[in-house]
Amino acid sequence: MWNALPLGTNSSNFGDPYDPAEYAEDGFGMVYLRGVINLANAGENMVLGTLPEAVWPKKRKLITVRDGNTVSVSALASVETNGEIVLLSIASDGEFTPSFYECHYDLQA
């Protein structure tokens with residue numbers, strides 16, 4: 001079951017026709033993210049959203065976040081042990097629309 005991802009202060013859901021930012025846990029310890037969000041100003045160390053404690057990873061996890069505007073641009077983000085999803089590096093000029101499709105991490109590892 002998909003649950004709404006609480007977004008950071010500079011983030012909002014992109015809207016139709018895309019899924020809102022959501023997360024799900026499969027019961028086997030894998031957490032999945034999906035959706036497309038808008039950022040007021042994309043920048044490094046920006047908190048995109050915060051996951052609830054039940055799905056916080058034991059160790060910091062790195063994920064690749066794709067730009068919803070173009071498939072050729074991606075950024076590195078982390079899922080921190082406090083549940084924050086943080087944009088670490090971005091390969092663009094600040095025009096970045098994060099897409100969480102194909103993002104997942106293992107709670108147990």
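The values are calculated or read from the model by the stated rules, or taken from the named source; none is laboratory data. Because the structure is a prediction, the values reported are computed rather than measured. Using ideal geometry, Cβ is built from the backbone for each residue, glycine included, and neighbour counts are taken over all protein chains shown.
Can you work out which of the residues in region 9-27 that are over 15 Å from S99 (Cβ atoms) and modelled with pLDDT of 90 or more is surrounded by the fewest Cβ atoms within 10 Å (Cβ to Cβ)?
Across region 9-27, the extreme among qualifying residues is D26.
Restricting attention to region 13-42, report how many residues are in a strand (DSSP E or B) and over 16 Å from V65 (Cβ atoms).
So the answer is 3.
Among the small types (G, A, S) and at pLDDT 95 or above: which single residue out of A42, A4, A91 fits that description?
Result: A4 is the single residue among A42, A4, A91 that is among the small types (G, A, S) and at pLDDT 95 or above.
What's the total number of residues in region 33-48 that are within 16 Å of Y101 (Cβ to Cβ) and crowded, with 19+ Cβ neighbours inside 10 Å?
Within region 33-48, residues that are within 16 Å of Y101 (Cβ to Cβ) and crowded, with 19+ Cβ neighbours inside 10 Å number 6.
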